[in-house]
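The values are calculated or read from the model by the stated rules, or taken from the named source; none is laboratory data. Note that the coordinates shown come from a computational prediction; the quantities given were computed from them, not determined experimentally. With ideal geometry, Cβ positions are generated from the backbone for all residues, glycine too; neighbour counts draw on all protein chains shown. Side chains are part of the model used for accessible areas, which takes the heavy atoms of the whole protein and leaves out ligands, DNA and RNA. Shrake-Rupley method; radii C 1.70, N 1.55, O 1.52, S 1.80 Å.
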Amino acid sequence: MPHFDLPLDRLRAYRSDATEPDDFDAFWEKTLSEAREHDLDARFESVDVPLTAVDVFDVTFAGFGGHPVKGWLILPAGTTAPLPTVVEYIGYGGGRGLPHMHLIWAAAGFAHFVMDTRGQGSSGRAGGETPDPVGSGPSFPGYMTRGIEDPHDYYYRRLFTDAVRAVEAARSHPLVDAGRVAAVGVSQGGGITLAVGGLVPDLAAIAPDVPFLCDFPRATTLTERHPYREIALYLKARRGGEEQVFRTLSYFDGVHFAARGRAPALFSAALEDQTCPPSTVFAAFNAYAGKGRAMEVYSFNDHEGGGPYQQDVQLRWLPQYLTG
């Protein structure tokens, strides 16, 4: 697919028209305050794996509503002192998978906390183990429209809260340096990373790759590809519901979280990306309030973005904020 969005010079200047709700901060302060009424109850159980270079812990902690959320904590073998830590969030449909799928950050000398994604893990490379016990009204298959009638019921309210609590769970482990924690993720994981960057003020750095969940008003009318298409198909059957749907989505837009981000940030965008159109990624990047932001652009890639090349960039970029 050739370039279909704005040319690069206009992308670098593009600003979203997405409207931020007046009570955005109050909404999230109340949401996180309610979550913290539940004991974090972070548990780390050693796992016997056929890997000699890492130590692995099966993690359970209390996320939104006190619901149990799974994860992995992966450490370089024999770690005895607190390490700078990378918290990772998973792409759409995927789950935490198996420990051997997550070796890159431990191989680089960091602790690596991988959060499972509630209710997902039934597609993608490997499964998940965290149910979502909360129901919703009518929704289109997928996750984008679950509870979309009200921001308090919306699926991503639960997931973003889990993600903040994952940082807190990681920081509770004695071999994690709580003052040197970064967040990373690709696609949905990148959108979650942006949300966490806006909700957790003291992260060392964030790295959202080809982030999803940004600039909803533009994304839903620009691309025919799922998952954004789920929203359009939901509205196709619910004529006249646009105002309420986009009001709900305004509480979860990466553009608004970016405006609250403070940590150094490494973004990536792909100019042929029809899943997360480049203008929606640049909308978040151009709104980002933190110092030290950077953007890697992949001119002839679709949603795979930089893939291993972007991982190489991260491996060279992140240490300055975690080990410096």
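Annotations
- Segment 196-216: number of residues that are hydrophobic (A, V, I, L, M, F, W, C), open to solvent by less than 10 Å² (accessible area, probe 1.4 Å) and closer than 12 Å to residue 257 by Cβ: 4
- Among residues of segment 293-324 being open to solvent by less than 40 Å² (accessible area, probe 1.4 Å) and small (Gly, Ala, Ser), the one that is nearest to residue 260 (Cα to Cα) is 294.
- Summed over segment 116-155, residues that are touching an Asp or Glu at 6+ places or on another chain (Cβ under 7 Å), open to solvent by less than 60 Å² (accessible area, probe 1.4 Å) and more than 29 Å from residue 238 (Cα to Cα) total 3.
- Only one of the numbered conditions (1) free of Cβ contacts under 8 Å to residues at least 12 places away in the same chain; (2) under 29 Å from residue 86 (Cβ atoms) is violated by residue 194, and that is (1).
- Among the residues listed as 248, 280, the single one being in contact with an Asp or Glu (Cβ under 6 Å, 6 or more places away or on another chain), surrounded by 21 or more Cβ atoms within 10 Å (Cβ to Cβ) and touching a residue at least 24 places away in the same chain (Cβ under 8 Å): 280
- From the list 229, 260, the lone residue that is over 16 Å from the mean Cα position of the chain (by Cα) and open to solvent by 10 Å² or more (accessible area, probe 1.4 Å) is 229.
Let's see how each residue does on (1) of a type in the set (D, E, K, R); (2) at pLDDT 95 or above; (3) under 20 Å from residue 83 (Cβ atoms):
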residue: 134; (1), (2), (3): no, no, no
residue: 153; (1), (2), (3): yes, yes, no
residue: 169; (1), (2), (3): no, yes, yes
residue: 181; (1), (2), (3): no, yes, yes
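- Within segment 62-94, the set of residues being open to solvent by less than 10 Å² (accessible area, probe 1.4 Å) and under 16 Å from residue 47 (Cβ atoms) comprises 71, 73, 74, 75.
- Among residues of segment 104-120 being under 19 Å from the mean Cα position of the chain (by Cα) and not in a strand (DSSP E or B), the one that is farthest from residue 64 (Cα to Cα) is 104.
- Only one of the numbered conditions (1) modelled with pLDDT under 95; (2) charged (D, E, K, R); (3) part of a helix (DSSP H, G or I) is violated by residue 125, and that is (3).
- Test: residue 109 is on the phi > 0 side of the Ramachandran plot and either surrounded by fewer than 18 Cβ atoms within 10 Å (Cβ to Cβ) or touching a Phe, Trp or Tyr at 6+ places or on another chain (Cβ under 6 Å) (or both): yes
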